[in-house]
1. Once the Cα gyration tensor of the chain is diagonalised, what are the square roots of 5 times its eigenvalues, in whole Å and ordered largest first, as equivalent ellipsoid semi-axes?
2. Applying a 10 Å radius around every beta-carbon, put 21-31, 63-73, 6-16, 46-56 in order of their mean neighbour count, most first.
3. Taking only Cα atoms, what is the 0 to 90° angle, nearest 10, from helix 63-84's long axis to the longest principal axis of the chain?
4. If each DSSP helix of 4+ residues adds -39,500 (n - 2.57) and the sum is divided by the residues in the chain, what number results at 222 nm, nearest 500 deg cm²/dmol?
5. Calculated FRET efficiency, Glu40 and Ala77, Cβ-Cβ r, R0 22 Å, to nearest 0.05?
Amino acid sequence: MSYARASTEQINDIANMTFLSRKKNVQIGNVSPWQYLPNETTSQIRKAHFIPEDGKLWTVENFDKFLDQRRKLLAEAMNALLHGLR
């Protein structure tokens with residue numbers, strides 16, 4: 001699958017969103033994640049944004065798998081936060 005063929009639902013999925021400054025977003029532009037993630041981020045930044053470390057998931061072909069894995073990471077973090085509030 002390519003991003004061009006990705007559905008609006010997939011593109012707007014919470015697992016495909018992250019906080020970026022406007023400047024960084026403009027710098028990244030349309031560069032693919034497999035190209036910018038290893039160069040523009042560190043493992044600590046990716047961990048803070050719940051981005052899977054498996055670089056194979058950053059490719060267009062694995063977009064669905066990336067979303068699935070990131071959803072799991074986000075859910076685990078939310079559950080840990082909620083359990084910590086007890």
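1. Working: eigenvalues 102, 52, 32 Å².
Whole-Å semi-axes of the equivalent ellipsoid: 23, 16, 13.
2. On the way: 21-31: 9.6, 63-73: 16.6, 6-16: 12.5, 46-56: 14.8.
Descending packing order for the listed peptides: 63-73, 46-56, 6-16, 21-31.
3. Around 20 degrees separate the two axes.
4. On the way: 5 runs with 47 residues, N = 86.
Mean residue ellipticity at 222 nm (helix-derived): -15500 deg cm²/dmol.
5. Here the calculated transfer efficiency is 0.50.
Read-outs: derived from the displayed coordinates by stated rules, not from any lab. Just so we're clear, the structure is a prediction, and the values are computed from it rather than from any experiment. Cβ coordinates were reconstructed from backbone atoms using ideal geometry, including for glycine residues, and neighbour counts include every protein chain displayed.
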